[in-house]
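First up is the structure itself, then whatever we jot down about it.
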(Lines give C-alpha, C1' and ligand atoms only; values in the text may rest on other atoms or scores of the structure.)
Protein backbone atom coordinates (compact mmCIF):
# COMPACT_ATOMS: atom_id res chain seq x y z
CA UNK A 1 0.00 0.00 0.00
CA UNK A 2 2.59 2.50 -1.18
CA UNK A 3 0.73 4.80 -3.56
CA UNK A 4 -2.09 7.14 -2.65
CA UNK A 5 -5.46 6.04 -4.03
CA UNK A 6 -8.11 8.79 -4.16
CA UNK A 7 -11.46 7.19 -3.42
CA UNK A 8 -13.66 9.82 -5.13
CA UNK A 9 -13.90 7.64 -8.25
CA UNK A 10 -16.21 5.32 -6.32
CA UNK A 11 -18.90 7.95 -5.68
CA UNK A 12 -21.91 8.49 -5.59
CA UNK A 13 -22.10 5.73 -2.95
CA UNK A 14 -21.66 6.70 0.68
CA UNK A 15 -17.96 7.32 1.10
CA UNK A 16 -17.51 4.98 4.07
CA UNK A 17 -19.20 2.15 2.12
CA UNK A 18 -16.83 2.63 -0.80
CA UNK A 19 -13.90 2.68 1.61
CA UNK A 20 -15.13 -0.50 3.29
CA UNK A 21 -15.25 -2.21 -0.13
CA UNK A 22 -11.72 -1.04 -0.98
CA UNK A 23 -10.23 -2.09 2.37
CA UNK A 24 -12.09 -5.41 2.24
CA UNK A 25 -10.61 -6.13 -1.17
CA UNK A 26 -7.09 -5.44 0.10
CA UNK A 27 -7.72 -7.79 3.02
CA UNK A 28 -9.02 -10.55 0.73
CA UNK A 29 -5.85 -10.19 -1.37
CA UNK A 30 -3.76 -10.30 1.85
CA UNK A 31 -2.30 -6.92 0.94
CA UNK A 32 -3.50 -6.18 4.45
CA UNK A 33 -2.65 -9.45 6.16
CA UNK A 34 -4.48 -11.29 8.96
CA UNK A 35 -3.32 -9.97 12.32
CA UNK A 36 -2.00 -6.74 10.80
CA UNK A 37 -2.86 -3.50 12.64
CA UNK A 38 -4.98 -1.01 10.68
CA UNK A 39 -3.89 2.53 11.37
CA UNK A 40 -6.64 5.08 10.66
CA UNK A 41 -4.16 7.85 9.84
CA UNK A 42 -2.24 5.67 7.38
CA UNK A 43 -5.43 4.49 5.68
CA UNK A 44 -6.75 8.05 5.48
CA UNK A 45 -3.53 9.18 3.82
CA UNK A 46 -3.61 6.25 1.39
CA UNK A 47 -7.19 6.91 0.27
CA UNK A 48 -6.86 10.72 0.50
CA UNK A 49 -9.78 11.14 2.90
CA UNK A 50 -10.28 12.21 6.50
CA UNK A 51 -10.16 9.72 9.36
CA UNK A 52 -13.92 9.90 10.03
CA UNK A 53 -15.08 7.83 7.00
CA UNK A 54 -12.17 5.43 7.60
CA UNK A 55 -13.44 4.88 11.13
CA UNK A 56 -16.97 4.22 9.84
CA UNK A 57 -15.64 1.83 7.19
CA UNK A 58 -13.76 -0.17 9.82
CA UNK A 59 -16.97 -0.45 11.85
CA UNK A 60 -18.68 -1.99 8.80
CA UNK A 61 -15.87 -4.52 8.40
CA UNK A 62 -15.95 -5.28 12.13
CA UNK A 63 -19.66 -6.11 11.83
CA UNK A 64 -18.70 -8.66 9.15
CA UNK A 65 -16.01 -10.19 11.36
CA UNK A 66 -13.27 -9.25 8.90
CA UNK A 67 -11.53 -6.86 11.29
CA UNK A 68 -11.46 -6.69 15.07
CA UNK A 69 -11.82 -3.50 17.12
CA UNK A 70 -9.91 -3.95 20.37
CA UNK A 71 -10.34 -1.51 23.25
CA UNK A 72 -7.23 0.61 23.89
CA UNK A 73 -5.32 -1.33 21.23
CA UNK A 74 -6.90 -0.30 17.96
CA UNK A 75 -8.11 -2.18 14.90
CA UNK A 76 -6.60 -5.37 13.46
CA UNK A 77 -7.33 -7.61 10.49
CA UNK A 78 -9.05 -10.72 11.89
CA UNK A 79 -7.04 -13.93 11.88
CA UNK A 80 -8.65 -17.36 11.59
CA UNK A 81 -7.30 -20.68 12.81
CA UNK A 82 -7.80 -23.96 10.94
CA UNK A 83 -10.47 -24.84 13.52
CA UNK A 84 -12.30 -21.63 12.57
CA UNK A 85 -12.09 -22.57 8.89
CA UNK A 86 -13.50 -26.04 9.55
CA UNK A 87 -16.50 -24.50 11.32
CA UNK A 88 -17.09 -22.24 8.32
CA UNK A 89 -16.99 -25.23 5.96
CA UNK A 90 -19.46 -27.06 8.23
CA UNK A 91 -21.88 -24.14 7.95
CA UNK A 92 -21.31 -23.93 4.20
CA UNK A 93 -22.21 -27.61 3.85
CA UNK A 94 -25.41 -27.08 5.84
CA UNK A 95 -26.48 -24.23 3.56
CA UNK A 96 -25.58 -26.14 0.40
CA UNK A 97 -27.50 -29.20 1.59
CA UNK A 98 -30.53 -27.03 2.35
CA UNK A 99 -30.32 -25.37 -1.08
CA UNK A 100 -30.07 -28.77 -2.78
CA UNK A 101 -33.05 -30.26 -0.92
CA UNK A 102 -35.24 -27.21 -1.52
CA UNK A 103 -34.21 -26.99 -5.17
CA UNK A 104 -35.02 -30.65 -5.83
CA UNK A 105 -38.33 -30.33 -3.95
CA UNK A 106 -39.33 -27.38 -6.16
CA UNK A 107 -37.86 -28.95 -9.32
CA UNK A 108 -36.32 -25.54 -9.89
CA UNK A 109 -34.56 -24.63 -13.09
CA UNK A 110 -30.94 -24.39 -12.02
CA UNK A 111 -28.26 -22.67 -14.05
CA UNK A 112 -25.08 -21.12 -12.67
CA UNK A 113 -24.99 -17.45 -13.60
CA UNK A 114 -22.62 -14.72 -12.49
CA UNK A 115 -22.88 -15.89 -8.88
CA UNK A 116 -23.16 -19.49 -7.66
CA UNK A 117 -24.54 -18.18 -4.36
CA UNK A 118 -27.37 -16.26 -6.05
CA UNK A 119 -28.12 -19.25 -8.28
CA UNK A 120 -28.45 -21.52 -5.24
CA UNK A 121 -30.71 -18.98 -3.55
CA UNK A 122 -32.93 -18.82 -6.64
CA UNK A 123 -33.08 -22.62 -6.90
CA UNK A 124 -34.06 -22.93 -3.23
CA UNK A 125 -36.57 -20.10 -3.53
CA UNK A 126 -34.92 -18.35 -0.58
CA UNK A 127 -33.79 -14.75 -1.04
CA UNK A 128 -31.81 -14.80 2.22
CA UNK A 129 -29.44 -17.59 1.19
CA UNK A 130 -27.12 -15.52 -1.06
CA UNK A 131 -26.35 -13.09 1.78
CA UNK A 132 -25.53 -15.95 4.16
CA UNK A 133 -23.34 -17.60 1.52
CA UNK A 134 -21.59 -14.29 0.87
CA UNK A 135 -20.75 -13.78 4.55
CA UNK A 136 -19.30 -17.28 4.83
CA UNK A 137 -17.31 -16.98 1.61
CA UNK A 138 -15.98 -13.61 2.77
CA UNK A 139 -14.59 -15.18 5.93
CA UNK A 140 -12.98 -17.94 3.87
CA UNK A 141 -11.39 -15.36 1.57
CA UNK A 142 -9.97 -13.73 4.68
CA UNK A 143 -8.34 -17.03 5.65
CA UNK A 144 -6.98 -18.08 2.24
CA UNK A 145 -6.27 -14.77 0.53
CA UNK A 146 -5.62 -14.98 -3.24
CA UNK A 147 -5.32 -18.78 -2.99
CA UNK A 148 -9.08 -18.97 -2.49
CA UNK A 149 -9.50 -18.37 -6.23
CA UNK A 150 -7.31 -21.34 -7.18
CA UNK A 151 -9.15 -23.81 -9.48
CA UNK A 152 -8.85 -26.55 -6.84
CA UNK A 153 -10.66 -24.33 -4.34
CA UNK A 154 -13.41 -23.49 -6.82
CA UNK A 155 -14.50 -27.05 -7.60
CA UNK A 156 -17.98 -26.36 -6.20
CA UNK A 157 -19.17 -24.81 -9.46
CA UNK A 158 -18.29 -27.99 -11.37
CA UNK A 159 -20.18 -30.10 -8.83
CA UNK A 160 -23.31 -27.94 -8.98
CA UNK A 161 -23.24 -28.06 -12.77
CA UNK A 162 -23.37 -31.86 -12.44
CA UNK A 163 -26.20 -31.68 -9.90
CA UNK A 164 -28.30 -29.31 -12.01
CA UNK A 165 -30.17 -32.18 -13.71
CA UNK A 166 -31.19 -33.70 -10.37
CA UNK A 167 -32.44 -30.31 -9.20
CA UNK A 168 -34.40 -29.59 -12.38
CA UNK A 169 -35.96 -33.06 -12.59
CA UNK A 170 -36.63 -33.43 -8.87
CA UNK A 171 -35.24 -36.97 -8.93
CA UNK A 172 -32.32 -38.95 -7.52
CA UNK A 173 -32.09 -36.69 -4.48
CA UNK A 174 -30.21 -39.22 -2.32
CA UNK A 175 -27.51 -39.69 -4.93
CA UNK A 176 -27.21 -35.92 -5.28
CA UNK A 177 -26.88 -35.52 -1.51
CA UNK A 178 -24.21 -38.23 -1.40
CA UNK A 179 -22.25 -36.46 -4.14
CA UNK A 180 -22.49 -33.18 -2.24
CA UNK A 181 -21.36 -34.82 1.02
CA UNK A 182 -18.36 -36.45 -0.68
CA UNK A 183 -17.46 -33.13 -2.30
CA UNK A 184 -17.59 -31.29 1.02
CA UNK A 185 -15.30 -33.85 2.65
CA UNK A 186 -12.84 -33.62 -0.24
CA UNK A 187 -13.02 -29.81 -0.09
CA UNK A 188 -11.83 -29.83 3.52
CA UNK A 189 -8.80 -31.93 2.59
CA UNK A 190 -7.86 -29.69 -0.33
CA UNK A 191 -8.43 -26.57 1.75
CA UNK A 192 -6.05 -27.73 4.48
CA UNK A 193 -3.13 -27.78 2.05
CA UNK A 194 -4.02 -24.31 0.77
CA UNK A 195 -4.44 -23.02 4.32
CA UNK A 196 -0.89 -24.12 5.13
CA UNK A 197 0.38 -22.46 1.95
CA UNK A 198 -1.41 -19.22 2.78
CA UNK A 199 0.02 -19.26 6.31
CA UNK A 200 3.52 -19.93 4.96
CA UNK A 201 3.23 -16.96 2.61
CA UNK A 202 2.22 -14.74 5.50
CA UNK A 203 5.14 -15.97 7.61
CA UNK A 204 7.58 -15.27 4.77
CA UNK A 205 6.10 -11.82 4.30
CA UNK A 206 6.42 -11.02 8.00
CA UNK A 207 10.02 -12.25 7.95
CA UNK A 208 10.85 -10.01 4.98
CA UNK A 209 9.17 -7.05 6.66
CA UNK A 210 11.18 -7.64 9.84
CA UNK A 211 14.45 -7.83 7.90
CA UNK A 212 13.61 -4.59 6.09
CA UNK A 213 12.76 -2.88 9.38
CA UNK A 214 16.05 -4.00 10.92
CA UNK A 215 17.94 -2.78 7.84
CA UNK A 216 16.39 0.68 8.10
CA UNK A 217 17.12 0.83 11.82
CA UNK A 218 20.75 -0.08 11.12
CA UNK A 219 21.00 2.64 8.47
CA UNK A 220 19.52 5.21 10.83
CA UNK A 221 21.96 4.14 13.53
CA UNK A 222 24.94 4.52 11.19
CA UNK A 223 23.69 7.92 10.07
CA UNK A 224 23.35 9.02 13.69
CA UNK A 225 26.86 7.79 14.53
CA UNK A 226 28.31 9.60 11.51
CA UNK A 227 26.64 12.82 12.61
CA UNK A 228 28.36 12.57 15.99
CA UNK A 229 31.84 12.23 14.52
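The values are calculated or read from the model by the stated rules, or taken from the named source; none is laboratory data. None of these values were measured; they are calculated from a predicted model. Please note: Cβ atoms are built from the backbone with ideal geometry, for glycine as well, and neighbour counts cover all protein chains shown.
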| request: With the condition kept exactly as written, say whether any residue in the range 47-58 is buried (at least 20 other Cβ atoms within 10 Å of the Cβ), under 26 Å from residue 153 (Cα atoms) and outside the structural domain of residue 137 (by TED's automatic domain parsing). | output: no
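Looking at 152, 185, 134, 174, can you tell me which residue is part of a helix (DSSP H, G or I), without any contact (Cβ under 8 Å) to a residue 24 or more places away in the chain, under 21 Å from residue 30 (Cα atoms) and not assigned by TED's automatic domain parsing to the domain that holds residue 65?
Details: 152 fails: without any contact (Cβ under 8 Å) to a residue 24 or more places away in the chain; 185 fails: under 21 Å from residue 30 (Cα atoms); 174 fails: under 21 Å from residue 30 (Cα atoms).
Going through 152, 185, 134, 174 in turn, the sole match is 134.
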| field | Filter result for residue 147 (within 17 Å of the chain's Cα centre (by Cα) and in a helix (DSSP H, G or I)) | value | yes
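Do the conditions hold for residue 157, that is, is it without any contact (Cβ under 8 Å) to a residue 60 or more places away in the chain, surrounded by fewer than 20 Cβ atoms within 10 Å (Cβ to Cβ) and under 19 Å from residue 61 (Cα atoms)?
no
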| Under the condition of being free of Cβ contacts under 8 Å to residues at least 24 places away in the same chain and part of a loop (DSSP other than H, G, I, E, B), which residue from the range 120-131 is surrounded by the most Cβ atoms within 10 Å (Cβ to Cβ)? | 125
| said: Tell me whether the range 92-113 contains one or more residues that are under 13 Å from the mean Cα position of the chain (by Cα), part of a loop (DSSP other than H, G, I, E, B) and either surrounded by fewer than 17 Cβ atoms within 10 Å (Cβ to Cβ) or not assigned by TED's automatic domain parsing to the domain that holds residue 185 (or both). | reply: no
